[in-house]
Amino acid sequence: MPLGVDTMIDQMKIVRYPHPALRRVAKPLTAIDKTVHLVAGKMIELMNEAKGLGLAGNQVAWPFQMIVLNLNTDPQQEKPEPTVFINPVILEKKGAIEEEEGCLSLPDLYQRVRRAKQVRVQAYNLKGEAVEISAADLPARAWQHEIDHLQGILFIDKLGPIAKLSSRNKLREFEAQFTKAQERGEIPPTAEIEKELDALMAEGGG
Ligand code: ZN
């Protein structure tokens, strides 16, 4: 990658719609090296700062299959603890429920989204051990939302016609803010971002 790993991690922040990283299909991780550990730590820090329930690699412009969740994933656990999951896959979905949802990459936009009520997922932890988790309701929603991110899918893609219409102005506002930030030089031009993402993904996660 063009920058040193430490610099890349220092500069990581949560990117906002319509940043191109949000539309990448994240690559599976094939090794859990020092970079993966450092990125995981940074993602937890950014998620906690933003008081989020979850964050996917795409959201820090690191399009690899890693998510962090701030959920009670273990029934023995008393309070939620940020946990890292690598290469997560949904094994099973059950039921359907519509609830309001938001995203750290689209701040202050909340809309109702239909999701499975229950999921069973498989992933790897930072030690490389396979874990299987069953979740329902809010945790199940968070898993589906974050796994969607790894496919380049945002919750705004899943809205019904009315919710879509009522989000339109807010989305245009995000798009205008992004363009303005590019004009001010705070965000590189889109072609440059795409090139950086290509380079990062060509090298693998580490
Ligand atoms: Zn999100």
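Values in this text are rule-based calculations from the coordinates and carry no lab data. All values reported here derive from a predicted model rather than from experimental measurement. No Cβ is skipped: glycine too gets one built from the backbone with ideal geometry, and neighbour counts run over all protein chains shown.
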Problem set entry | Between region 126-167 and region 37-114, the Cα center-to-center distance that results, in Å | 8 Å
Problem set entry | the chain: Cα Rg divided by the 2.2 N^0.38 Å rule of thumb | 1.01
Exercise. If a helix is a whole DSSP H run, which ones in the chain reach 15 Å or further along their own axis (Cα) and hold a mean Kyte-Doolittle hydropathy of at least -0.5?
Worked result: 34-49, 190-203
Seminar exercise, completed: Exposed trypsin sites (Lys or Arg not before Pro) being those in a DSSP loop with at most 14 other Cβ atoms within 10 Å, the longest stretch of the chain free of them is 52-126
Exercise. Fewest to most neighbouring Cβ within 10 Å: what's the order for HIS145, HIS19?
Worked result: HIS19, HIS145
Exercise. To the nearest 20 debye, what charge dipole does region 121-186 have about its Cα centre, counting +1 at the Cβ of each Lys and Arg and -1 at the Cβ of each Asp and Glu?
Worked result: 340 debye
Exercise. Label-point separation (nm) for GLU186 and ALA199, each offset 7 Å from Cα along Cα-to-Cβ?
Worked result: 2.4 nm
Exercise. Between LYS164 and THR179, how many nm apart are label points set 7 Å from Cα along the C-beta direction?
Worked result: 2.2 nm
Problem set entry | Residue order, fewest to most surrounding Cβ atoms within 10 angstrom, among GLU101, GLU146 | GLU101, GLU146
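With only Lys, Arg, Asp and Glu charged, each at its Cβ (+1 for the first two, -1 for the last two), find how big the charge dipole of region 1-123 is about the Cα centre; round to the nearest 20 debye.
500 debye
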Exercise. Under a point-charge model restricted to the Cβ atoms of Lys and Arg (+1) and Asp and Glu (-1), what is the dipole moment magnitude of region 5-203 relative to its Cα centre, in debye to the nearest 20?
Worked result: 660 debye
